[in-house]
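Let me begin by presenting the structure, written as structure tokens, before commenting on it.
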Amino acid sequence: MNGNDKILHVLSDKALTGEPLSQEDIRFVMNVGQEEILSLLQAAYRVRYRYFGNNVRIHVLDNVESGACSEDCAYCGQSAESGNRDAVHPFKEIKAILAEAKQAYDAQAFRHCLVFSGKELGEARIENICRVVREIKERFPMQICVSAGILSEADALKLKQAGVNRYNHNLNTSSRYYGEICTTHLFEDRVRTIKNAKSVGLEICSGVIVGMGETIDDYKLMLDELRGVGADSVPVNFFIPVPGHRVRNFSLPDPVDCLKILCLFRLGLPETEIRASAGREKYLKSLNPFCLYPANSLFTKGYLTVGGESMEQTREMIEEAGFVVERVEY
Ligand code: SF4
């Protein structure tokens, strides 16, 4: 082992004892050279294997209600400000939602994620969402995650009682940088929603989008803030410049950058489900299977307004790389 390989091994030791990464550790990981990328993957895999073995959870998104959102999140094609009319459709018919749930179940999805655009729910929408969740749960033994914006504790309880396992509400970036990507609500509003969901016993999925102009120093904040809200699951998205986006300082990562970021989140959040998310296929390219060394979870079949690889391709990749598709046990 050379000096840097030893440092990476020490970082995985540190992760295995639950010690948070320091600013220096994060800089070290992000500046790893090409000659050490395999050692970095090994360090991340050591941690991943301790908590998740070789299991991979497949997640399938259903964009149940899309677009026309009042918020101005600069990265999002569903913001009314994006002008992206192609991203707009109303709440789908129950028949269509159940057909998508069946497809996800048949493709061995561990979790089906139902996504609704907009700032917050309102009574009629929450009743509709609860009905949809009950119908899916009666038919298909999959975990259900809902993403539907700002959530009160009372609404969180209704979702929990309808059978929702997990609520998604991304922090997206650090508190320091949040004002650069959204001005219509605050970082603190997001934290409050997560607390409301957690208080009724919902698991928390809260992720980030990297490549929107944040600095390496923001990664330390993101990791600390995700720890602070107690995220059970962290989707790591790579920014995709969708039509109408208004992110000013974006940068497109190369495949090795993507692996470094995923390893950083694994080492920084050792026991958390880390999901290689939007941009996985686009940016990792032929290194796509390597994301399984840090990440224990993937999306397949696309990301809200952007397509992705097929469920069959994802399953093949997992199995050919020697990993195992994890199913829900009931
Ligand atoms: S991220 Fe959510 S809240 Fe923000 S514009 Fe998109 S749909 Fe609306």
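Computed values, structure above
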| read-out | value |
| --- | --- |
| When residues of region 39-78 are limited to those that are among the charged types (D, E, K, R) and away from the ligand (no atom under 16 Å from the Cβ), the one nearest to ILE129 (Cα to Cα) | ARG57 |
| Residue match in region 98-110 (condition: free of Cβ contacts under 8 Å to residues at least 12 places away in the same chain and either over 28 Å from MET311 (Cβ atoms) or outside any helix (DSSP H, G or I) (or both)) | no |
| Hits in region 139-160 (condition: among the hydrophobic types (A, V, I, L, M, F, W, C) and assigned to a helix (DSSP H, G or I)) | ALA154, ALA156, LEU157, LEU159 |
| Residue ID - farthest from LYS158 (Cα to Cα), chosen from residues in region 190-225 that are in a helix (DSSP H, G or I) and in contact with a strand residue (DSSP E or B) (Cβ under 6 Å, 6 or more places away or on another chain) | MET222 |
| Pair list, Cβ under 6 Å, 6 or more apart: region 74-89 residue farther than 11 Å from VAL306 by Cα and modelled with pLDDT of 80 or more, other residue more than 8 Å from the ligand (Cβ to nearest atom) and part of a helix (DSSP H, G or I) | ALA74/ILE181; GLN78/ALA87 |
| Count of residues meeting criterion [within 16 Å of the ligand (Cβ to nearest atom) and either over 21 Å from SER79 (Cα atoms) or of a type in the set (Val, Ile, Thr) (or both)] in region 127-151 | 4 |
| Residue selected from region 167-216 under the condition of a type in the set (S, T, N, Q) and either within 14 Å of the ligand (Cβ to nearest atom) or in contact with a His (Cβ under 6 Å, 6 or more places away or on another chain) (or both), by the criterion farthest from GLY77 (Cα to Cα) | THR193 |
| Members of region 45-69 found to be part of a helix (DSSP H, G or I) and not hydroxyl-bearing (Ser, Thr, Tyr), listed by number | ARG46, VAL47, ARG48, ARG50, PHE52 |
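The values are calculated or read from the model by the stated rules, or taken from the named source; none is laboratory data. In this text the structure is predicted, and so the values were computed from the model without any measurement. Cβ coordinates were reconstructed from backbone atoms using ideal geometry, including for glycine residues, and neighbour counts include every protein chain displayed.
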